[in-house]
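Chemist: Dropping a structure here in structure tokens format, bear with me for questions.
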Amino acid sequence: MSLSANARRRLAEICGTANLQQSPEERIAYSYDATAMLAHQPEAIVFIESAQQVSDVMKLANTEGFKIVPRGSGTNLSGGTVPTENCVVLVTVKMDKIIEVDPRNLTALVQPGVLTAKIDEEAAKHGLFYPPDPGSMKVSTIGGNVAENSGGLRGLKYGVTRDYVLGLEVVLPTGEFLNCGTKCVKDVAGYSIKDVFIGSEGTLGVVTQVLLKLLPRPAARKTMLATFTTMTDAAETVSAIIAAKIIPCTLEFLDRMTIRCLEDYAKIGLPLDVEAILLMETDGHPAVVEDEAARMIDLAKQHRARNVRTAKDAVEAEKLTSARRAAFSALARVAPTTILEDATVPRSELATMIAFIQQTAGKYKLKIGTFGHFGDGNLHPTFLTDERNKEEIERVHAAFREIFEKAIALGGTITGEHGVGLAKKEFLQQFAGKTSLDVMRALKRTLDPNHVLNPGKIFD
Ligand SMILES: Cc1cc2nc3c(=O)[nH]c(=O)nc-3n(C[C@H](O)[C@H](O)[C@H](O)COP(=O)(O)OP(=O)(O)OC[C@H]3O[C@@H](n4cnc5c(N)ncnc54)[C@H](O)[C@@H]3O)c2cc1C
């Protein structure tokens with residue numbers, strides 16, 4: 001079934017002709033996102049400029065029987081914005097205003113298409129801080145972050161997007177408006193409805209406004225880079241830091257393959273003969289930062305760190321963290337197809353999980369670079385492959401399955417931050433259990449009776 005002439009005409013009326021795209025080239029551009037090997041062309045693309053337009057498009061979808069795929073910047077890694085049959089992609093990037101920063105209540109009210117990094121830049125002008133910092137923060141939107149409940153490099157100390165969402169304006173799949181949450185620090189009036197939408201991957205409603213919590217900006221920060229001859233030493237350093245009751249804002253790691261690709265890409269002087277690098281950052285009161293940094297360096301050395309480099313100033317610190325943020329891009333240069341995964345385990349199981357990933361790479365003769373949020377137990381094994389090589393792709397799938405099964409067996413999860421989307425729904429069946437899936441499906445049926453919003457994502 002394809003989009004009717006009437007639906008196309010009404011979409012142009014609602015959003016303006018300039019905001020409706022439907023040429024073959026435009027449809028190809030919105031047929032995929034940052035996820036490898038998934039693509040399907042939409043019927044059309046609309047750029048919305050107001051919540052009312054979202055509501056009108058949603059009502060039209062219900063009467064005309066087409067489907068809607070909400071989309072921010074399309075950087076998700078689970079196929080969340082890949083269209084299925086008879087879909088219109090609804091892009092939020094033109095709704096990009098920071099409506100208010102309220103220093104008296106420590107909040108920011110923003111539209112869904114605002115880039116994540118802009119929120120923190122704006123907060124900084126008021127001495128405030130928006131901590132969630134996904135590696136993609138310079139290009140991802142806050143709407144996408146809310147829909148994926150994204151994490152970032154500072155997740156260990158500061159948590160994920162959900163921890164900063166105080167309220168939402170959502171357009172439901174029926175076109176109705178829902179406002180939930182307030183500026184109040186405490187609000188327990190009824191169910192926490194906003195939490196249903198956070199992490200719902202664009203399947204339950206389109207977020208049209210986000211009320212965010214801000215924090216006072218930390219006065220000091222120290223960034224360090226420790227190198228290790230074995231991954232076990234790096235993992236044990238992380239455990240020792242946590243056991244010493246230090247909660248750094250960042251504890252990120254890179255394995256040997258990632259270090260090599262990154263150095264080749266960013267040329268920042270990383271040693272090429274080490275097995276692991278740990279990026280460590282502490283922030284807060286200057287005296288506490290000094291104390292924690294000294295103890296972290298000590299603990300790294302006690303666990304046989306070969307070298308610990310401390311950034312001498314903010315510029316060098318930014319260079320080191322930017323390098324870590326570029327890990328995925330650096331790996332992506334190596335092979336035609338890069339598949340980045342998201343296996344997550346309790347922190348105590350990190351060394352076991354990393355060893356298993358390395359064994360699996362050997363068993364299936366695959367190139368896997370692993371990096372990620374060590375402090376959160378969130379690993380990104382990244383397969384460097386070529387989708388044209390069908391036999392190799394079969395091995396990739398077999399390796400994936402084993403890695404996810406191992407993560408689950410170790411008490412972990414199939415995704416720590418990238419979501420289920422299209423890419424992992426088969427694993428969700430196994431992971432979530434029947435009752436959880438039944439509750440999720442019941443929610444979906446209640447809010448989206450005609451199944452117009454982002455079909456096929458999370459579950460069939
Ligand atoms: C280089 C790179 C690094 C990354 N690093 C991280 C990281 O450190 N941590 C992390 O968690 N993720 C990371 N990601 C994944 C990705 O950036 C995040 O999932 C991000 O939140 C997606 O934002 P987006 O604007 O691109 O959303 P999209 O990809 O456009 O959409 C993501 C999902 O949200 C839905 N959606 C989008 N906007 C709305 C809306 N307004 N209302 C309702 N639903 C909506 C979509 O339907 C889709 O299901 C990374 C990706 C890349 C490419």
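The values are calculated or read from the model by the stated rules, or taken from the named source; none is laboratory data. Just so it is clear, the structure is predicted and the values come from calculations on it, not from any experiment. Ideal geometry is used to build each Cβ from the backbone, glycine not excepted, and the neighbour counts take in all protein chains shown. Calculation scope for accessible area: heavy atoms of the full protein, side chains included, ligands and nucleic acids excluded. Shrake-Rupley method; radii C 1.70, N 1.55, O 1.52, S 1.80 Å.
Chemist: Condition first: more than 6 Å from the ligand (Cβ to nearest atom) and crowded, with 24+ Cβ neighbours inside 10 Å. Now tell me which residues in the range 140-153 satisfy that. Before the answer, list the steps.
Modeler: Of all residues in the range 140-153, those more than 6 Å from the ligand (Cβ to nearest atom) come to 142, 146, 149, 153.
Selection gives Ile142, Val146, Leu153.
Chemist: Another question, then. Quick one: is Leu350 open to solvent by less than 40 Å² (accessible area, probe 1.4 Å) and closer than 18 Å to Phe427 by Cα?
Modeler: Numbers: open to solvent by less than 40 Å² (accessible area, probe 1.4 Å): yes; closer than 18 Å to Phe427 by Cα: no.
Criteria not met by Leu350.
Chemist: Could you please give the count of residues in the range 339-370 that are near the ligand (Cβ under 10 Å from one of its atoms) and in a strand (DSSP E or B)?
Modeler: Of the range 339-370, the ones near the ligand (Cβ under 10 Å from one of its atoms) are 340, 342.
Filter once more, so that each one left must be in a strand (DSSP E or B): 340.
Residues that pass the stated criteria total 1.
Chemist: Looking at the range 40-47, can you tell me whether even one residue there is touching a residue at least 60 places away in the same chain (Cβ under 8 Å) and of a type in the set (A, V, I, L, M)?
Modeler: Taking the range 40-47 first, the residues touching a residue at least 60 places away in the same chain (Cβ under 8 Å) are none.
Among the residues of the range 40-47, not one is touching a residue at least 60 places away in the same chain (Cβ under 8 Å) and of a type in the set (A, V, I, L, M), which makes the answer no.
Chemist: Of everything in the range 161-182, what is open to solvent by 10 Å² or more (accessible area, probe 1.4 Å), over 16 Å from Ile119 (Cβ atoms) and in contact (Cβ under 8 Å) with a residue 40 or more places away in the chain? Give them in sequence order.
Modeler: Within the range 161-182, Glu169, Leu172, Thr174, Glu176, Phe177 qualify.
Chemist: When you look at Thr223, is it in contact with a Cys (Cβ under 7 Å, 6 or more places away or on another chain), within 18 Å of Lys157 (Cα to Cα) and modelled with pLDDT of 95 or more, yes or no? Spell out how you get there, then give the answer.
Modeler: Values: in contact with a Cys (Cβ under 7 Å, 6 or more places away or on another chain): no; within 18 Å of Lys157 (Cα to Cα): yes; modelled with pLDDT of 95 or more: yes.
Considered against the rule, which asks whether it is in contact with a Cys (Cβ under 7 Å, 6 or more places away or on another chain), within 18 Å of Lys157 (Cα to Cα) and modelled with pLDDT of 95 or more, Thr223 comes out as no.
Chemist: Can I ask one more? If you go through the range 250-278, how many residues are surrounded by fewer than 24 Cβ atoms within 10 Å (Cβ to Cβ), in contact (Cβ under 8 Å) with a residue 24 or more places away in the chain, not charged (D, E, K, R) and not in a helix (DSSP H, G or I)?
Modeler: Residues meeting the conditions: 4.
Chemist: Right, here's the next one. Find all pairs meeting these conditions: Cβ atoms under 8 angstrom apart; at least six residues apart or on different chains; first residue within the range 14-25 and at pLDDT 95 or above; second residue of a type in the set (Ser, Thr, Tyr) and not in a helix (DSSP H, G or I).
Modeler: As it stands, the answer is Gln21/Tyr30, since those pairs meet every condition given.
Chemist: Moving on to the next point. Does the range 286-303 contain at least one residue that is assigned to a loop (DSSP other than H, G, I, E, B) and on the phi > 0 side of the Ramachandran plot?
Modeler: Residues of the range 286-303 that are assigned to a loop (DSSP other than H, G, I, E, B), as a first pass: 303.
Those still in the list that are on the phi > 0 side of the Ramachandran plot too: none.
Checked against the condition, which is being assigned to a loop (DSSP other than H, G, I, E, B) and on the phi > 0 side of the Ramachandran plot, the range 286-303 yields no hits at all.
Chemist: Separate question: Looking only at the range 1-34, which residues are in a loop (DSSP other than H, G, I, E, B) and surrounded by 12 or more Cβ atoms within 10 Å (Cβ to Cβ)?
Modeler: Residues satisfying the conditions are Leu3, Ser4, Gly16, Gln22, Tyr30, Ser31, Tyr32, Asp33, Ala34.
Chemist: Could you please let me know if Ile45 is in a strand (DSSP E or B) and at pLDDT 95 or above?
Modeler: Details: in a strand (DSSP E or B): yes; at pLDDT 95 or above: yes.
In short, yes.
Chemist: Among the residues of the range 160-170, is any farther than 19 Å from Ala108 by Cα and more than 14 Å from the ligand (Cβ to nearest atom)?
Modeler: Kept after step one, since they are farther than 19 Å from Ala108 by Cα, are these residues of the range 160-170: none.
Looking through the range 160-170, none of the residues is farther than 19 Å from Ala108 by Cα and more than 14 Å from the ligand (Cβ to nearest atom).
Chemist: Go through the residues of the range 366-387 one by one and say whether even a single one is closer than 28 Å to Asp460 by Cβ and open to solvent by 20 Å² or more (accessible area, probe 1.4 Å).
Modeler: So in the range 366-387, the residues closer than 28 Å to Asp460 by Cβ come out as 378-383, 385, 387.
Subsequent filtering for residues that are open to solvent by 20 Å² or more (accessible area, probe 1.4 Å) retains 387.
Scanning the range 366-387 turns up at least one residue that is closer than 28 Å to Asp460 by Cβ and open to solvent by 20 Å² or more (accessible area, probe 1.4 Å).
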